[in-house]
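Novice: Provided herewith is a single structure, encoded as structure tokens, for subsequent inquiry.
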There are 2 protein chains.
Amino acid sequence: MKDTLKTIPGSITAPQGFLASGVFCDIKRLGTGKGSNKGKKRDLALILSEVPATVAGLFTTSQVCAAPVKVSLPRARKGRAQAIVVNSGNANACTGAQGLRDAREMAAIAARIFRLPAESVLVASTGRIGVPLPMPNVKRGIQAAAGLLNTFPESAQHAAEAIMTSDTRPKEIAVEFELDGRVVRIGGICKGAGMIQPGMSPTGARPASAPRQGLHATMLCFLTTDAAIDSKALKAALAEAVANSFNRITVDGDMSTNDTVILLANGLAENPRMVANAGKGSKAHLAIFQTALNHVCLELAKMIVRDGEGATRFVTVHLSGAKSFADADAAARAVANSSLVKTSWFGGDPNWGRILGALGYSAAEIVEEKIDVAYSAPGSSKLLYALKRGQPTGTFFDSLCKMAAQKEFDLHINLNLGKAKAVIYASDLTEEYVEFNKGDVSDPASLGG
Amino acid sequence: MKDTLKTIPGSITAPQGFLASGVFCDIKRLGTGKGSNKGKKRDLALILSEVPATVAGLFTTSQVCAAPVKVSLPRARKGRAQAIVVNSGNANACTGAQGLRDAREMAAIAARIFRLPAESVLVASTGRIGVPLPMPNVKRGIQAAAGLLNTFPESAQHAAEAIMTSDTRPKEIAVEFELDGRVVRIGGICKGAGMIQPGMSPTGARPASAPRQGLHATMLCFLTTDAAIDSKALKAALAEAVANSFNRITVDGDMSTNDTVILLANGLAENPRMVANAGKGSKAHLAIFQTALNHVCLELAKMIVRDGEGATRFVTVHLSGAKSFADADAAARAVANSSLVKTSWFGGDPNWGRILGALGYSAAEIVEEKIDVAYSAPGSSKLLYALKRGQPTGTFFDSLCKMAAQKEFDLHINLNLGKAKAVIYASDLTEEYVEFNKGDVSDPASLGG
């Protein structure tokens with residue numbers, strides 16, 4: 001199946017019938033005061049399907065959720081949509097009744113331009129919390145973006161740039177595969193950087209794969225596909241893909257008020273329409289589609305970790321041998337979110353003592369004398385053991401240091417108590433993260449969400 | 001009651017019949033390799049009561065607990081002890097059967113010198129995890145420390161210095177009060193700095209006041225008193241004092257494998273012996289004793305936060321209006337441990353958006369539209385509101401910034417849902433914390449626990 005999955009150039013405009021654009025309308029710079037000259041960074045993106053599309057969405061499970069989430073969640077649940085408007089620079093979170101009105105109006109402005117029902121436009125925002133959206137700028141931006149909509153890869157890249165906050169680079173991917181002889185494509189863009197430990201669900205209720213305590217900058221992801229698929233099947237596919245990608249990453253252990261993943265499927269590939277609970281043929285197609293969607297989401301999720309605020313390392317934590325998935329998840333997150341473990345990663349220090357320390361206080365059941373800890377190159381099965389059954393191995397400290405000094409490595413923890421597993425993709429904690437997030441109170445625009 | 005409580009000079013040798021000392025025996029520098037010249041920092045402390053004493057102890061609730069904890073916990077539960085041996089530089093954690101033998105031998109060396117039953121000597125360790133204790137050095141240290149035991153305040157300070165790891169200063173306190181005309185004293189020393197969010201209990205089982213996920217460097221605290229008090233009353237008093245002090249602090253959200261608080265009461269003040277479940281007179285005395293012990297523990301706990309690794313601010317988080325204590329505790333800890341909130345404190349940024357974000361993902365029940373957030377000077381009831389019922393107030397950003405720029409301030413969060421409260425004492429997250437904890441793999445002795 002995998003060898004028929006091909007990565008292709010571009011992102012959200014790679015599937016048929018999708019247009020995108022990204023413009024600067026001065027949302028990010030507002031409040032920077034006189035003479036600020038931070039450069040005109042794009043801050044408003046538009047995504048449009050030429051025809052009505054099936055939609056699925058997953059949203060933050062934080063109890064403090066932003067106005068755009070409150071507006072988009074019920075619209076995504078209805079299953080049909082055609083456009084998405086996104087701004088960066090302002091999260092429209094903790095903005096009360098005015099924020100809700102602004103989020104609805106943001107959708108309505110686009111709906112009027114494209115002569116769509118307002119309900120078929122979804123919105124998302126990211127940036128500073130607690131500041132009202134500058135609606136004149138938003139309106140100007142949507143109008144400008146509408147005029148620039150195009151299928152060019154550059155247009156998609158402009159959209160990817162417009163949703164960035166502290167990201168250092170746009171994040172894009174597109175893949176292509178066949179279903180019954182028809183070429184089907186999936187494209188995606190996303191942003192992350194800080195306030196990253198998403199725990200998203202389709203309803204706002206916390207799923208098993210979500211962190212108990214989230215981590216965050218906001219993460220946003222917008223996916224497009226020309227696959228023909230019904231709403232129920234699309235929702236199930238996206239839920240599975242997100243559970244194994246965005247809900248498995250952590251940068252700083254903070255869950256955002258705005259985390260959003262939206263997938264539009266417009267059917268223009270004209271494959272036999274995939275439906276949930278169908279016969280063998282549809283099932284096989286769904287499996288191929290799922291593999292492709294999983295790949296797209298995981299690659300985008302990893303881009304977020306690699307570009308985490310101040311991140312210098314990418315560590316994949318493989319937790320196995322737990323008594324339950326909840327235990328495996330809790331143990332992996334305790335390690336991946338420990339400030340002491342994360343700073344030791346920054347220092348290239350294979351400090352398994354701190355790893356055991358984090359396991360010790362995690363909510364997971366563990367037995368110190370049974371724990372194995374090993375390092376490997378990314379994806380390699382050649383493990384370098386630091387600890388076996390709770391005891392230091394003879395592995396030389398220098399060899400462990402050499403592994404921990406790599407930009408990317410895998411950490412393998414086996415609790416040896418059961419069969420449950422969990423993976424977490426994590427970054428380190430660096431001085432640059434602190435420097436960035438302490439902000440500059442004399443420049444409110446520098447203060448992140 | 002409080003006006004009869006007097007702070008006096010000195011610490012653990014202020015109560016009658018207690019001797020202390022602290023020496024350098026080269027535990028800290030081991031492994032630094034050739035030519036290291038980091039200075040001879042004391043690394044072994046001894047505390048001795050001239051007569052057998054009642055003892056109470058609280059220990060880490062981490063599932064990975066160090067050998068000295070495993071040795072001292074059952075001895076403390078028995079209720080009688082006379083001496084404590086403590087080393088820094090090596091945690092004797094994750095050291096297996098050898099570690100247990102070493103911890104027992106550490107106590108036995110002291111017991112032989114003082115001709116005490118081995119069971120009456122307790123031990124504690126702090127420092128690098130996973131490295132065997134250098135027993136020849138430990139033995140030499142105990143012998144030297146035994147020869148230097150004294151009641152001088154300087155001797156107590158040497159002990160306070162010897163338990164330090166990344167602490168920048170020794171932490172000491174002593175108080176005096178009267179019980180039925182007899183002068184009673186309590187003294188204490190402690191250490192902290194990083195890996196600090198203790199969740200201690202007398203049994204290793206997690207109490208209600210403990211964090212679900214701990215925070216840490218190890219914290220150690222040794223208390224002495226000449227009060228006459230029975231074992232049951234002493235244990236209850238220490239449990240209450242710790243629940244409201246050491247179990248309410250956080251530096252970095254990591255709970256240690258070695259957290260220990262031990263209190264020796266030798267009765268030499270000759271006050272009427274206080275007993276649990278006794279008549280009115282004993283109850284009144286117990287209340288006075290409790291107030292004094294609470295004060296000693298809270299002051300020491302605050303010293304740990306103020307001297308947290310890289311800390312530049314001391315923030316008291318007052319969480320009120322929660323539906324239950326568990327909710328209040330979870331909400332306060334979510335805020336106090338959020339990397340984003342802590343970096344904003346570092347930056348002097350009154351970022352209530354991040355505070356709401358942390359409340360949103362906490363395990364506590366909250367309703368965004370009901371939350372009040374305010375700042376005040378330490379202990380002041382003059383509140384400067386940033387948020388009322390989930391809405392920004394008219395308070396000028398500059399006024400909030402001025403408050404958040406103070407070295408110490410109080411943060412007041414009212415969930416307005418119930419009557420439960422919790423307080424957490426927290427530090428900020430700074431570049432210095434990261435710089436310190438990333439360590440230097442070329443100098444293993446620089447790598448913290």
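Novice: For residues that are under 30 Å from B:SER344 (Cβ atoms) and either β-branched (Val, Ile, Thr) or in a helix (DSSP H, G or I) (or both), tally how many sit in the range A:251-310.
Specialist: Selection size over the range A:251-310: 12.
Novice: Still on this model: From the list B:PRO132, B:PRO117, B:PRO136, B:PRO153, which residue is within 14 Å of another protein chain (Cβ to nearest Cβ) and surrounded by fewer than 22 Cβ atoms within 10 Å (Cβ to Cβ)?
Specialist: One residue alone meets the criteria, B:PRO132.
Novice: Being in the same structural domain as A:TYR425 (by TED's automatic domain parsing), surrounded by fewer than 22 Cβ atoms within 10 Å (Cβ to Cβ) and of a type in the set (Gly, Ala, Ser), is that true of even one residue in the range A:327-337?
Specialist: Scanning the range A:327-337, I find no residue that is in the same structural domain as A:TYR425 (by TED's automatic domain parsing), surrounded by fewer than 22 Cβ atoms within 10 Å (Cβ to Cβ) and of a type in the set (Gly, Ala, Ser), so the answer is no.
Novice: Could we say that A:SER380 is more than 7 Å from chain B (Cβ to nearest Cβ) and out of contact with any His (no Cβ under 7 Å at 6 or more places or on another chain) here?
Specialist: Taking the combined requirement at face value, the residue satisfies it.
Novice: Let me ask you something else. Go through the range B:180-205 and give me each residue that's modelled with pLDDT under 95 and over 25 Å from B:ASN90 (Cα atoms).
Specialist: B:ASP180, B:GLY181
Novice: Look through the range A:345-365, keep the residues that are of a type in the set (Gly, Ala, Ser) and either closer than 11 Å to B:VAL64 by Cβ or touching a residue at least 40 places away in the same chain (Cβ under 8 Å) (or both), and return whichever of them is farthest from the other protein chains (Cβ to nearest Cβ).
Specialist: Among residues in the range A:345-365 that are of a type in the set (Gly, Ala, Ser) and either closer than 11 Å to B:VAL64 by Cβ or touching a residue at least 40 places away in the same chain (Cβ under 8 Å) (or both), the one farthest from the other protein chains (Cβ to nearest Cβ) is A:ALA364.
Novice: Does the range A:311-340 hold any residues that are within 8 Å of chain B (Cβ to nearest Cβ), part of a helix (DSSP H, G or I) and touching a helix residue (DSSP H, G or I) at 6+ places or on another chain (Cβ under 6 Å), and which are they?
Specialist: A:ALA334, A:LEU340
Novice: So, one more: Of everything in the range B:63-95, what is in a loop (DSSP other than H, G, I, E, B) and farther than 11 Å from B:SER120 by Cα? Give them in sequence order.
Specialist: Across the range B:63-95, the qualifying residues are B:GLN63, B:VAL64, B:CYS65, B:ALA66, B:ALA91, B:ASN92, B:ALA93, B:CYS94, B:THR95.
Novice: Still on this structure, I have one more. For the range B:404-449, give me each residue that is charged (D, E, K, R), part of a loop (DSSP other than H, G, I, E, B) and modelled with pLDDT of 95 or more.
Specialist: B:LYS419
Novice: Scan (1) among the small types (Gly, Ala, Ser); (2) under 29 Å from B:GLY310 (Cα atoms); (3) surrounded by 20 or more Cβ atoms within 10 Å (Cβ to Cβ) for the single condition B:ALA243 breaks and write down its number.
Specialist: Status for B:ALA243: all satisfied but (3).
Novice: Taking into account only those residues within the range B:383-398 that are within 12 Å of chain A (Cβ to nearest Cβ) and modelled with pLDDT of 90 or more, which is surrounded by the most Cβ atoms within 10 Å (Cβ to Cβ)?
Specialist: Within the range B:383-398, the match that is surrounded by the most Cβ atoms within 10 Å (Cβ to Cβ) is B:ALA386.
Novice: Restricting attention to the range A:232-276, which residues are more than 14 Å from chain B (Cβ to nearest Cβ) and either hydroxyl-bearing (Ser, Thr, Tyr) or free of Cβ contacts under 8 Å to residues at least 12 places away in the same chain (or both)?
Specialist: Of everything in the range A:232-276, those that are more than 14 Å from chain B (Cβ to nearest Cβ) and either hydroxyl-bearing (Ser, Thr, Tyr) or free of Cβ contacts under 8 Å to residues at least 12 places away in the same chain (or both) turn out to be A:SER245, A:THR260.
Novice: Would you pick out the residues in the range B:142-179 that are in a strand (DSSP E or B) and either of a type in the set (A, V, I, L, M, F, W, C) or at pLDDT below 95 (or both)?
Specialist: B:ILE173, B:ALA174, B:VAL175, B:PHE177, B:LEU179
The values are calculated or read from the model by the stated rules, or taken from the named source; none is laboratory data. Everything numeric here is computed off the predicted structure, so don't read it as measured data. Please note: Cβ atoms are built from the backbone with ideal geometry, for glycine as well, and neighbour counts cover all protein chains shown.
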